[in-house]
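The values are calculated or read from the model by the stated rules, or taken from the named source; none is laboratory data. The structure presented is a predicted model; accordingly, all values stated were derived computationally and were not measured. Cβ: placed from backbone, ideal geometry, glycine included. Neighbour counts: every protein chain shown. Ligands, DNA and RNA are excluded from the accessible area calculation, which covers all protein heavy atoms including side chains. Shrake-Rupley method; radii C 1.70, N 1.55, O 1.52, S 1.80 Å.
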Amino acid sequence: MTLILGIETSCDETAAAVVKDGRSILSNVVASQIEIHRRYGGVFPEVASRQHILSITPVVEQALQDAGVKWEDLDGVAVTYGPGLAGALLVGVNLAKAIAWANGLPFLGINHIEAHIYANWLVGEPPSSFPLLCLVVSGGHTSLILMKDHGEYKELGHTLDDAAGEAFDKVARLLGLEFPGGPAIEREAKQGNPRAFNFPRAWLKGTYNFSFSGLKTAVLREVQKYDKSASMKPGHRVPRHLPVADLAASFQEAVVDVLVGKTQQAAEAYQVKEVLLAGGVAANGLLRERMKKALNVPVRWPPPHLCTDNAAMVAAAGYFNLIRGEHSNWDLDVVPGLKLG
Ligand code: KG4
Ligand code: ZN
C-alpha cells in the first residue's frame, strides 16, 4: 500500500488529500476562497497567497486526520509546482518540501495539468490502454493533449487567448452573473434558447488550437445594444431587459460546439482508445452530453468536485510519478508558466 499526501495551492483553492495507490481517496479537503474573490469578480493573486498561508496548515492536518493517517504512514508528498500564480504556488511547494524533508519522504513536484488528467483515475475502472486524448479545460488552461502512456504527453493544441473557463467567467460578469461564471452560465442557459444568437465559432482549421476572444467580444457587442457603456470590468452596471438566459445558452452552445468538434477531429486523427475530460469546465453538463454523443470511443470525466481544483488529483499524479521513480530535487522552484507535453 502506497500513501501519498497531495497539496494544491496553484490558484484559489487551498487543498490537501491522502490517496492510496493512486486510486482510492482517503481524504480530500478543499478550503475554497471563492467567497473572498467574488467581490473582485475573479481571483486576486496577492489575496490568494495570503489566504493560502492562513489555511494550508489546518487543511493538511485535517486531511491526515480525516484519512486516519500519521506522518510516518506516508510514502511521499506531492505538490503542484506550476502552472499557476507564483505566490500561491510557493506556499504549497515550501510546505511540501518541509514535510517531505522532516519525514524523510520522496518529494514530488507535479504539473497541475497532469494532475487534472489524473482525476480520471480516482473513480471507477481506470483507462486500460493508450493512447488517450485529454481535453483539459479550466479557468487557466484549454488544451488537447495526447497521452501516449503514463507520464508521456504531447500537446496537440492550446488556446491562443482566453481559456474556456476564463471566457465563461468574463461573459458571466458581463451578464451580471456571479463568480465563478461556469456554473452560473450553465444554470441560466437551462432557461434559454441556444439558437437565439448565432455567435461565432473560431475553428482555426488545420490546427487543434482554440480561440475564445472573438466569441467573448461578440457577446459584449450584443449586450452593448442594450447599454453602450456595458463592459466586462468588475462592478459595471448590467443593462436592464437583457435576455440573459438566451445569451448564456447561445454562448455556452458556441463554446461546446468548438470543444466537441476539435476533440472529435483529434480523436479520429490519432486513433485514441478513450477521451478524458479534465478541469473545471469538464463539470459542464452540456459538454459531457455532446461529447458522449459525438465520439465513437468511450468518453470519461471525473465527478464535478474532482473536475475543479483539489489535491486528490495531485496525489494520484504523484503516485504514478513515484512508481516510475520520478522524484523532484529539493531545489525545485515554482514554474508559473509550466506546460505539459
Ligand atoms: O480547474 P479549475 O477549478 O481551476 C483552474 O485550474 O483554472 O477551473 C475553474 C473554472 C472556472 O473558470 C469556472 O467558471 C469553470 O471552471 N467551471 C465551469 C463549470 N464549473 C466550473 N465552466 C462551465 N460549466 C461548469 N459547470
Ligand atoms: Zn485547475
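Output the residue which, of all residues in segment 162-178 that are near ligand 1 (Cβ under 8 Å from one of its atoms) and under 24 Å from HIS241 (Cβ atoms), is most open to solvent (accessible area, probe 1.4 Å). Top of the filtered list is ASP169.
Among the residues making up segment 139-150, those that are open to solvent by 10 Å² or more (accessible area, probe 1.4 Å) and in contact with a helix residue (DSSP H, G or I) (Cβ under 7 Å, 6 or more places away or on another chain) are GLY139, HIS141, HIS150. Could you please let me know if PHE107 is open to solvent by less than 50 Å² (accessible area, probe 1.4 Å) and closer than 22 Å to VAL281 by Cα? Here the answer is no, as PHE107 does not meet what is asked. Select from segment 78-104 the residues that are more than 16 Å from ligand 2 (Cβ to nearest atom) and more than 19 Å from LEU54 (Cα to Cα) and write down the one among them that is most open to solvent (accessible area, probe 1.4 Å). Top of the filtered list is TRP101. Among the residues making up segment 192-210, those that are among the basic types (Lys, Arg) and either surrounded by 15 or more Cβ atoms within 10 Å (Cβ to Cβ) or farther than 30 Å from TYR270 by Cβ (or both) are ARG195, ARG201.
Looking at segment 142-165, can you tell me whether even one residue there is touching a residue at least 12 places away in the same chain (Cβ under 8 Å), within 12 Å of ligand 2 (Cβ to nearest atom) and β-branched (Val, Ile, Thr)? Yes: one or more hits.
Taking the listed residues LEU26, LEU54, LEU5, the one that is in a strand (DSSP E or B), farther than 25 Å from LEU338 by Cβ and aliphatic (A, V, I, L, M) is LEU26, with no other qualifying.
Every condition in (1) farther than 15 Å from MET313 by Cβ; (2) in contact (Cβ under 8 Å) with a residue 40 or more places away in the chain; (3) within 16 Å of ligand 1 (Cβ to nearest atom) is met by ALA67 except one, and the failing one is (3). Inclusion of GLU72 among residues that are within 16 Å of ligand 2 (Cβ to nearest atom), among the charged types (D, E, K, R) and farther than 26 Å from GLU125 by Cβ is not warranted. If you go through segment 17-32 and keep only what is crowded, with 21+ Cβ neighbours inside 10 Å and within 16 Å of ligand 1 (Cβ to nearest atom), you end up with ALA17, ASN28, VAL29.
Which is surrounded by 15 or more Cβ atoms within 10 Å (Cβ to Cβ), touching a Cys at 6+ places or on another chain (Cβ under 9 Å) and at pLDDT 95 or above, of ALA282, ALA266, ALA254, ALA249? None of the others qualify; the one that does is ALA282.
HIS52 meets each of the listed conditions (1) over 29 Å from LEU276 (Cα atoms); (2) open to solvent by 10 Å² or more (accessible area, probe 1.4 Å) apart from (2).
Looking only at segment 293-341, residues that are closer than 30 Å to MET1 by Cα and either open to solvent by less than 60 Å² (accessible area, probe 1.4 Å) or within 13 Å of ligand 1 (Cβ to nearest atom) (or both) come to 29 in all. For GLU186, state whether it is acidic (Asp, Glu), under 23 Å from ASP309 (Cβ atoms) and more than 14 Å from ligand 1 (Cβ to nearest atom). Considered against the rule, which asks whether it is acidic (Asp, Glu), under 23 Å from ASP309 (Cβ atoms) and more than 14 Å from ligand 1 (Cβ to nearest atom), GLU186 comes out as no. Scanning segment 277-335 for residues that are in contact with a His (Cβ under 7 Å, 6 or more places away or on another chain) and assigned to a helix (DSSP H, G or I) yields MET313, PHE320. Residue count for segment 211-244 satisfying the condition of being in a helix (DSSP H, G or I) and open to solvent by 20 Å² or more (accessible area, probe 1.4 Å): 10.
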